[in-house]
Amino acid sequence: MSEKVGNVEVLIGGASESSDITGINNSNTTNGSIGSSGSAGTWHKAKLTLQGDLLFITLTDLDDPNSFGGIDGDKPDNVPEPVASQKRTVQIVKSDNSGLGISIKGGRENKMPILISKIFKGMAADQTEKLYVGDAILSVNGEDLREASHDEAVRALKRAGKVVKLEVKYLREVTPYFRKATVLADLGWELQTGFLGAQSGFLPQNGEIDNTSDKSEVLLTNGPDTRSITLLFCHLTRQFVCKEPNTIELHSPDRLHSLIFKCSSEVEAMSWFNTLHTTLSILTDGALNHANKVLGDVLDLAKIHHVGWLMLKIDQGKQEWEPQFCAVTDHDMILFQDVPWTKEAWGNPLVFYPLLATSYCSRVVNSSAKGSLKKDEVITMTLRCGTQEGVAMCVFRHDTQRDLAMWVRVLVQGAHDAVLRQQEVACYCEWRGMESKLLLHHEEGFYLYAASSTANNGLGRLLWSQPFHKLKMSSDDGSRLLMAQV
């Protein structure tokens, strides 16, 4: 299992799949710009440590007050000076079925006042524009909270009603602590359960971390400014949300969270990408073996041959892509909106395409002579998939030529194997105004029968037959019409 350590910048509080980061500011500033979502994130200096199936992210600038621009929407110097020196009364009117929109910390048991630690954007408290992270809540609707425990303060806020009057005083000295906590809370994600019931990672037996030989380094990475994420089934990609060539992206298996890392150069970004890609491939192979042991009843005893993330083109006229988690079984190519973490999820895919009716059409690889992708150039794979509504054209994007080759091999081999198992397929059709039945045999070729008789094992009179090697060309209209020249 690969191990790697390096320094990067990580975007906090603004990266998601729905965002489009169209530009990165210079390295002497911390704010990133989000194009489509309108919300800003903050770039923080970080140390990355890859160990086994975990990626440790240690923020190295949390003690720098200038590193908190954009968190909670206010910088320390945005708090008016009179606010910091006097008590204030702020009235909040809650909307129906909505809370105040604040988080609190502290309390008597912690020898701290009740403090606002986070203000949620767009909610009632935020709409007043008169509350700040670091405000101490002295009273709620006249009820004194200066000696309250945390639980007592929570109860007081919950029973306050629709109109809430808070007496507050801003404590500047605690603001950096809560800003640090806010940043760390937005960093990474946690998986609530193991994949298909497995409670551990999928490290190979000969690649597990030696927990005794290097404990000092493991303990070092688990410091107070560090978060770790499990890499299993994360979506690793480049230039999806962020278009800069020196960045890499990790999206969570449920597609709800994202991490964007900015490296010192494009070469360094590719080095991290390749290392993470190798680790993810090893983890995926282990998870695939586990899935084949427990999903037989869900997949009608079909074996899963390959799984992973693909980018599906959602608008053929534009470069708009949506991540899909895909699996190829003995019979089908299955697409999911996110990683199917349970048996129930595997039984409810977004769509599935039978391999028997799926055709690999073309690949497009735009790359330099050295094999690295140029900016704005992509690797794509086009499939034609037969459905009840006609032929669906699917264009998938890959991050590497290695990924493209793997998916093409699995799909082509899967289609060939499906044909060998089925041996022949038949469908009713119309030929020269006559109701007919077209039969395709994997060795013998085409047979067309009249559909009006039940003789000859349910087939009508043979109208014509041709072996496959006589087929010069074929085409279709994507719906009902098939043309074959023999």
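If G317 satisfies every condition in (1) over 17 Å from the mean Cα position of the chain (by Cα); (2) assigned by the TED database to the domain that holds V410; (3) within 21 Å of G347 (Cβ to Cβ) but one, which is the exception? It is condition (3) that G317 fails.
For the range 308-318, taking the residues that are without any contact (Cβ under 8 Å) to a residue 24 or more places away in the chain and in a strand (DSSP E or B), the one that is farthest from F195 (Cα to Cα) is identified as D315. Checking each residue in the range 243-293 for being assigned to a loop (DSSP other than H, G, I, E, B) and touching a helix residue (DSSP H, G or I) at 6+ places or on another chain (Cβ under 6 Å) picks out P245, N246, C263. The number of residues in the range 143-169 being outside any helix (DSSP H, G or I) and either modelled with pLDDT of 95 or more or on the phi < 0 side of the Ramachandran plot (or both) comes to 17. When we screen V79, V163, V154, V93 for residues that are β-branched (V, I, T) and buried (at least 17 other Cβ atoms within 10 Å of the Cβ), the only hit is V79.
Selection of the range 84-119 for residues being touching a Leu at 6+ places or on another chain (Cβ under 9 Å) and either basic (K, R) or assigned to a loop (DSSP other than H, G, I, E, B) (or both) yields K87, R88, K94, G99, L100, K105.
Every condition in (1) surrounded by fewer than 21 Cβ atoms within 10 Å (Cβ to Cβ); (2) not assigned by the TED database to the domain that holds W407 holds for I248 except the one numbered (1).
Yes or no, residue by residue, for (1) farther than 18 Å from A327 by Cβ; (2) modelled with pLDDT of 90 or more:
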position	(1), (2)
T400	yes, yes
D403	no, yes
V408	no, yes
Q413	no, yes
G433	yes, no
S436	yes, yes
S452	yes, no
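Close Cβ contacts (under 9 Å, 6 or more residues apart or on different chains) running from residues in the range 94-105 that are at positive phi to residues that are of a type in the set (S, T, N, Q) and not in a loop (DSSP other than H, G, I, E, B) comprise G101/Q127. Looking only at residues of the range 368-386 that are hydroxyl-bearing (S, T, Y) and either modelled with pLDDT of 85 or more or touching a Leu at 6+ places or on another chain (Cβ under 6 Å) (or both), we find that the one that is nearest to V267 (Cα to Cα) is T380.
Tell me whether the range 184-194 contains one or more residues that are in the same structural domain as L250 (by the TED database), in a helix (DSSP H, G or I), in contact with a Leu (Cβ under 8 Å, 6 or more places away or on another chain) and at pLDDT 70 or above. Yes, the conditions are met somewhere in the range 184-194. List pairs: first residue in the range 330-346 and among the hydroxyl-bearing types (S, T, Y) and buried (at least 16 other Cβ atoms within 10 Å of the Cβ), second residue modelled with pLDDT of 95 or more and assigned to a loop (DSSP other than H, G, I, E, B) anywhere in the structure, Cβ distance under 7 angstrom, at least six positions apart or on different chains. Hits for this filter: zero, empty list. Look at the range 128-151 and say how many of its residues are free of Cβ contacts under 8 Å to residues at least 12 places away in the same chain and either surrounded by 19 or more Cβ atoms within 10 Å (Cβ to Cβ) or under 19 Å from T182 (Cβ atoms) (or both). Qualifying residue count, the range 128-151: 1.
For the range 394-426, residues that are more than 19 Å from D332 (Cβ to Cβ) and in a helix (DSSP H, G or I) total 5. Contact map, the range 223-241: first residue at negative phi and among the hydroxyl-bearing types (S, T, Y), second residue modelled with pLDDT of 95 or more and surrounded by 18 or more Cβ atoms within 10 Å (Cβ to Cβ), Cβ cut-off under 6 Å, separation 6 or more or different chains; pairs are T237/E249. No other residue among A302, A327 is touching a Leu at 6+ places or on another chain (Cβ under 9 Å) and assigned to a loop (DSSP other than H, G, I, E, B) apart from A302.
For every residue, the table says whether it meets (1) closer than 25 Å to L312 by Cβ; (2) buried (at least 16 other Cβ atoms within 10 Å of the Cβ); (3) without any contact (Cβ under 8 Å) to a residue 24 or more places away in the chain.
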| residue | (1), (2), (3) |
| --- | --- |
| D399 | yes, yes, no |
| A405 | yes, no, yes |
| L411 | yes, yes, no |
| L420 | no, no, yes |
| G445 | no, yes, no |
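The values are calculated or read from the model by the stated rules, or taken from the named source; none is laboratory data. The shown structure was predicted, so the numbers you read here are calculated from the model rather than taken from an experiment. Counting neighbours? That spans all protein chains shown, and the Cβs are built from the backbone with ideal geometry, glycine included.
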